[in-house]
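The values are calculated or read from the model by the stated rules, or taken from the named source; none is laboratory data. Small disclaimer: the values here were computed from a predicted structure and weren't measured. All Cβ positions, even for glycine, are placed from backbone atoms using ideal geometry, and neighbour counts span all protein chains on display. Side chains are part of the model used for accessible areas, which takes the heavy atoms of the whole protein and leaves out ligands, DNA and RNA. Shrake-Rupley method; radii C 1.70, N 1.55, O 1.52, S 1.80 Å.
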Amino acid sequence: VAATLDAMDRSNRDALDVLRAFDVHACTDVTGFGLLGHLAEMLRASGLGAVIALDRVPRLPGALELLSAGVESSLASANALVLDDFDCSETRADAGLRLLIDRQTSGGLLAGVAADRAQACTEMLHARGYEAAVIGTVRAADRPGTGRVVHGD
């Protein structure tokens, strides 16, 4: 609980300064629609798709244990509809997949940064005290707003 409260209490202001320095292409806070819901919106708006590496997505301590105990958001069923837009066949049985649709009331940021600058951006975010990770890649899509969720690279 303490880690969650700390994360929710952390301002994104300094993170936005870092993202601006790396010419962020798109950015949203991860709130009511969960990470995949917000990602799908960004992808539809840009006409693109994405591949997300589930193992790279940062998790709060205890989040998987709570999901395993049946604790999830009241919007989980509605948010789960976005899974139809993603090929999750490789990760369907992974409890971590449910975290990608979990609604956060004070979530972190999801940002699109050029691939050749993403690692340096992540390192600068770490230096400012943020947990950050490159969680996937954007690609062309037959149907904008769709993608795949895989385990690793």
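Key figures for this structure:
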| read-out | value |
| --- | --- |
| Difference of contour (0.36 nm per residue) and Cα-Cα distance, Asp94 to Thr4 | 30.2 nm |
| Approximate spin-label separation Arg44-Arg117, in nm, with each point projected 7 Å along Cα-to-Cβ | 2.8 nm |
| Gain on full stretching of the segment that runs from Ala133 to His25 - 0.36 nm per residue minus C-alpha separation | 37.2 nm |
| Surface/4 of the Cα convex hull for the chain, nm² | 8.7 nm² |
| Cα gyration tensor shape for region 89-139, rounded if a/c is under 1.5, else prolate or oblate | oblate |
| P(r) weight above 15 Å for region 15-54, C-alpha pairs, percent | 49 percent |
| Where Asp142, Asp94 fall by accessible area, highest first, once all protein chains stay in place (1.4 Å) | Asp142, Asp94 |
| C-alpha center-to-center spacing [region 96-153, region 27-85] in angstrom | 10 Å |
| Cα-derived Rg to Rh of region 36-90, Kirkwood definition | 0.99 |
